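Asker: What follows is a single structure, and I will ask about it in a moment.
Please treat every number below as a calculation from the coordinates, not as lab data. These numbers come from a predicted model, not from an experiment. FYI the Cβ positions are ideal-geometry reconstructions off the backbone, even for glycines, and counts take in every protein chain you see.
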Amino acid sequence: MSTGFDRDPDEFSRGAKAAVVYPDMGGSSRDADARLEETAGLAAAIGIHVREKVALRIRSPKPGTLIGSGQVEALAETVRDQELQLAVFDASLTPVQQRNLETALGCKVIDRTGLILEIFGERARTAEGRLQVELAHLDYQAGRLVRSWTHLERQRGGFGFLGGPGETQIEADRRLIRDRMARLRRELDQVSRTRSLHRDRRQRAPWPVIALVGYTNAGKSTLFNRLTGADVMAENLLFATLDPTLRQIALPGIDKAILSDTVGFVSELPTQLVAAFKATLEEVVSADLLIHVRDVAHPDSEAQKDDVEQVLSDIGVAEETPRFEAWNKLDLLDADSRAYLTAEAAKRDDVMPISAITGEGVDALVEAVAARLTQGHRRYHIELDPADGAGAAWLHQHGEVLEQSIADDRALYEVRMAPRDYDRFWLRAG
């Protein structure tokens, strides 16, 4: 039987018939079926045709194959019977386990990290996104060196986990990887510096930054489009958004704010990706307010929330950063579930039940966000040169001008604004 190893990598990755395998080692708060569905969705995101979904109970992980010998034999029979070319393991495999499983099953094997990196490789559109994904991929593969490195000269998306022969020039590969990673880090450092400059300009502007965060496919981009009138890719597809998008919006009492749509998080997000996407995620770290979009129709919604909170903690988001939970996808709930969640949300002041698709609850969310951002505003007395038209316009645009007059060749203003904005006002010309 042909194992698919000699097929063209592009053809293989886009049309492979695969089995998704979830080694259930216990101790997880997630439902095994939901986990299988999520991994199948990840595979479908890059055109893999999932034919089998298998949950395997693992009492003791085997160093050589992770799963037991009997389970390997049964899985190999499934691969033969279904003529599968790929097995996707929803777990982290060591290089030895990956090679041994490929030999035993007679097909390609990739783990969860490899699958997510492959998706990110196809989805990255900006130069920055491609740099970040390639760095993460090289870091992942550095300890494996079991695949061709021709992708380094390739322009297509993806990184060739799903095809290509092994490379025998290990030392040359290692040198190539080290040199390439060093160059990518230098380029990403420059990206980070550029982002810092942009943030400094926004601080001086001063426009509050609101970041949408959440589990992949929770509906962030759909909400982003509804709030901004943009047309960011929003599909029922895992990791539909990869590169960050910023848009200007107006809120009640706030003439201008910046809304940021960010990459979706996922359980067991590869550490390589967290590190590589640090420049992008800095938009989240520096945000004035976070909106955590949750898919409350998903059976693992609570576990997904925990995963998002863990990533936010990992990237350094301060606990005191104001945040709202947008309980999204009300339109998918039955009447009883809707009534229960609506009642629960009413008990909290940081939760808004919404449907980004229908618009239900979105206006209330916007009003709550605006109220939080304007919370703590104080009254300030400000004196300006009467010729400082830009300063006067700034005060009217970003604060509430209560009184204004001219005395002793000075323009006098009584303005209500946030202390943060008051500080930014004096920094604007600095």
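Asker: Would you mind ranking H381, H398, H137 by Cβ crowding within 10 Å, fewest neighbours first?
Answerer: H381, H398, H137
Asker: With the crude spin-label approximation of a point 7 Å out along Cα→Cβ, what separation in nm comes out for D314 versus E414?
Answerer: Modelled inter-label distance: 5.2 nm.
Asker: Where nothing but the Cβ of Lys and Arg (+1) and of Asp and Glu (-1) is charged, how large is the charge dipole of region 378-427 around its Cα centre, in debye to the nearest 20?
Answerer: Once rounded to the nearest 20, the dipole reads 320 debye.
Asker: Still on this structure, I have one more. Please report the spacing between the Cα centers of region 90-137 and region 338-391 in Å, no decimals.
Answerer: Here the answer is 41 Å between Cα centres.
Asker: Residues of region 324-345 with amide nitrogen under 18 Å from the 7 Å Cα-to-Cβ point of E367?
Answerer: Counting backbone N atoms under 18 Å from the label point, the list is 324-327, 342-343, 345.
Asker: What length, rounded to one decimal in nm, is gained on full extension from E400 through to A172, with 0.36 nm per residue of separation minus their alpha-carbon distance?
Answerer: Contour length minus Cα-Cα distance gives 75.7 nm.
Asker: Place a point 7 Å from the Cα of R180 along the Cα-to-Cβ direction; which residues of region 80-115 have their backbone N under 11 Å from it?
Answerer: none
Asker: With label points built 7 Å along Cα→Cβ from the Cα atoms of A44 and D334, find their separation and express it in nm.
Answerer: My value for the distance between the label points is 2.2 nm.
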